[in-house]
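One structure below.
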Amino acid sequence: MSRSFHTEGIVLKNYRFGEIHKGVVFLSPREGLVDAVAFGAYSPKGKLRSVTDPLCTGTLYLYRDPVKGLVKITDMDCRSCFPGIRESVRKFFHASVFLETVLKTFGGEGPFVYRLLVEALTLLEAMPEERLTEVLVQFLFRYLAYAGVAPNLELCTTCGRERSNREPMYYRPGGVELYCRECSHPEDGVLPPGGVSYVQYTRSLPLVAALHVRLEETSLQALKGYLLSCMQSLSMGSLKSLRTAEGFL
């Protein structure tokens, strides 16, 4: 295997590696999650200083050091850093949830998750601020489906009864499963009928087409609350971005 290689990628996270070096965790469609080092990237004149920040997307040129057991970023051809997201506080916090969701729960299907993440960020950047929740809902549900834990929208988890179009569904706080009214508990969250039907209809559409389907605000907010609860459960409660983004999502 060649020690030098290149791959497409999007940067998810940075951390300090020594005084002037930058740890870079990125998602590659071919390599999955990669933890690499950009040497000198935190120095004032480091050539990799600005192109290896979170959201930077492009081609990374890498060297695998078998002695030190690390991957070194030698260069990056950054095609986009999503400036429209960086310039908006609300868009930035939505994007942070996307990145941390992948970082904390990624399970190995690099090509699908990479395409979903880049497409969702591209649409988030272009979307008016009053419609960001729709992108968030679509991203989270599709990610749950990728992870194999998307809820059954047609049947009650407990009794197996088929849901009618006018029925709401219920969920336990911190759980993914959905229940009918008879099997629900008083403390359960509620998904209005329109919200359930919206996901049923849009889940098989391309992401850009799904965003042409509108949903009234009450159902949209209920879906958001449910899906964020699902993600906290999937990540074992480790999504810090949900706490820091409170009030902006």
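Coordinate-derived values only; no laboratory data. Please read all numbers here as calculations on a predicted model, not as lab measurements. All Cβ positions, glycine included, derive from the backbone under ideal geometry; neighbour counts span all protein chains shown.
What GluC sites (Glu not before Pro) in the range 144-231 are in a loop by DSSP, with at most 13 other Cβ atoms within 10 Å of the Cβ?
On the way: sites: GLU154, GLU162, GLU177, GLU182, GLU187, GLU216, GLU217; in loops: GLU154, GLU177, GLU182, GLU187, GLU216.
Of the GluC sites (Glu not before Pro), the ones in loops of the range 144-231 whose Cβ has at most 13 other Cβ atoms within 10 Å are GLU154, GLU182, GLU187, GLU216.
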_Estimated FRET transfer efficiency (THR244, HIS185; beta-carbon r; R0 25 Å; 0.05)_ = 0.25
*Calculate, in nm to one decimal, what ARG16 and THR59 gain on full extension: separation in residues at 0.36 nm each, minus their alpha carbon distance.*
13.3 nm
*asked:* Given a Förster distance of 51 Å, report the FRET efficiency between THR158 and PHE5 from their Cβ-Cβ distance, rounded to the nearest 0.05.
replied: 0.55
*Taking the dipole about the Cα centre of the chain, with the C-beta of Lys and Arg at +1 and of Asp and Glu at -1, give me whichever of SER43, SER241, PHE98 is farthest to the positive side.*
SER43
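Quick one: putting +1 on the C-beta of Lys and Arg, -1 on the C-beta of Asp and Glu, what dipole do you get for the chain around its Cα centre, in Debye to the nearest 20? Can you show the working numbers first?
Values: 29 positive and 26 negative charges, 159 e Å.
With only Lys, Arg, Asp and Glu charged at Cβ, the dipole is about 760 debye.
Using only helices, what value at 222 nm comes out for the chain when you add -39,500 (n - 2.57) per DSSP H run of length 4 or more and divide by the total residues, to the nearest 500 deg cm²/dmol?
Details: 8 runs with 91 residues, N = 249.
Rounded to the nearest 500, the figure is -11000 deg cm²/dmol.
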*By the scheme Lys and Arg +1, Asp and Glu -1, what is the net charge of all other residues having a beta-carbon under 12 Å from that of ARG172?*
-3
*asked:* Taking the alpha-carbon distance from LYS72 and a cut-off under 29 Å, which lysines remain once sequence neighbours fewer than 8 residues away in the same chain are dropped?
replied: LYS13, LYS22, LYS45, LYS47, LYS104, LYS240
_Tilt relative to the chain, helix 89-105 - C-alpha long axis, 0 to 90 degrees, to 10_ = 90 degrees
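Given Cβ point charges of +1 (Lys, Arg) and -1 (Asp, Glu) and nothing else, what value in debye, to the nearest 20, does the dipole of the range 1-59 about its Cα centre take?
Numbers: 8 positive and 5 negative charges, 39 e Å.
Roughly 180 debye, rounded to the nearest 20.
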*Top positive-direction residue, dipole computed over the chain with Cβ charges, set VAL113, THR57, SER164*: THR57
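What fraction of the DSSP beta bridges in the range 4-80 is antiparallel, stated in percent and rounded to the nearest 5? It would help to have the intermediate numbers written out before the result.
Numbers: 30 of 32 bridges.
Roughly 95 percent of the DSSP beta bridges within the range 4-80 come out antiparallel.
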*asked:* I'd like to compare 47-57, 83-93: which one has the highest average count of other Cβ atoms within 10 Å, and what's the full order after that?
replied: 47-57, 83-93
